[in-house]
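Chemist: Sharing a structure below in structure tokens format, with a few things to ask.
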Amino acid sequence: MAGPLAIPSPARRPAVQFASFDEFYAYYLTQHANRTSRRLHVVGTGCVIALVLVAILTLNPWWLLLAPVVGYGFAWTGHYGFEKNKPATFGHPLWSLRSDFVMFWHVATGRIAF
């Protein structure tokens with residue numbers, strides 16, 4: 001297993017085009033340097049996973065309606081309240097969503113500090 005990932009200092013710059021997901025993810029980490037913001041993201045992503053599991057286990061798809069509200073609620077609170085930046089999801093929604101789950105995994109496996 002690789003060592004812990006370093007969270008780069010925040011970069012405040014205009015919308016940027018990225019050549020690959022890895023390049024985007026490096027930028028994404030700079031936008032989540034604040035520990036409280038990162039924690040809110042991890043909790044929100046964990047709640048999304050739980051809601052999807054509840055929807056599957058209860059065979060009730062209505063639970064899925066809460067997933068984006070809860071996930072983005074935690075994430076945007078982190079961005080606007082603590083990180084003081086604009087969520088990357090506005091410029092790169094799919095890569096940002098993927099990055100949420102990658103960062104969740106990295107925190108869960110100890111590669112990024114919770």
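The values are calculated or read from the model by the stated rules, or taken from the named source; none is laboratory data. On a predicted model such as this, the values are computed, not experimentally measured, just so you know. As a convention, Cβ positions derive from the backbone with ideal geometry for all residues, glycine included, and neighbour counts pool all protein chains shown.
Chemist: When the range 7-31 is examined, which residues are found to be modelled with pLDDT under 95 and either at positive phi or touching a Lys or Arg at 6+ places or on another chain (Cβ under 8 Å) (or both)?
Modeler: I7
Chemist: Something else about it: Take the residues in the range 31-48 that are within 12 Å of the chain's Cα centre (by Cα) and hydroxyl-bearing (S, T, Y); name whichever of them is nearest to A67 (Cα to Cα).
Modeler: Checked the range 31-48; the qualifying residue nearest to A67 (Cα to Cα) is T45.
Chemist: Does P4 fit the bill of being within 18 Å of R111 (Cβ to Cβ), of a type outside the set (A, V, I, L, M, F, W, C) and at pLDDT below 95? Talk me through it step by step, then tell me what you get.
Modeler: On the way: within 18 Å of R111 (Cβ to Cβ): yes; of a type outside the set (A, V, I, L, M, F, W, C): yes; at pLDDT below 95: yes.
Against the criterion (within 18 Å of R111 (Cβ to Cβ), of a type outside the set (A, V, I, L, M, F, W, C) and at pLDDT below 95), P4 qualifies.
Chemist: Still on this structure: What is the residue count in the range 59-114 for residues that are modelled with pLDDT of 95 or more, within 18 Å of I49 (Cα to Cα) and not in a helix (DSSP H, G or I)?
Modeler: Qualifying residue count for the region: 3.
Chemist: Would you check if F90 is surrounded by fewer than 18 Cβ atoms within 10 Å (Cβ to Cβ), over 9 Å from the mean Cα position of the chain (by Cα) and touching a residue at least 40 places away in the same chain (Cβ under 8 Å)?
Modeler: On the way: surrounded by fewer than 18 Cβ atoms within 10 Å (Cβ to Cβ): yes; over 9 Å from the mean Cα position of the chain (by Cα): yes; touching a residue at least 40 places away in the same chain (Cβ under 8 Å): no.
No.
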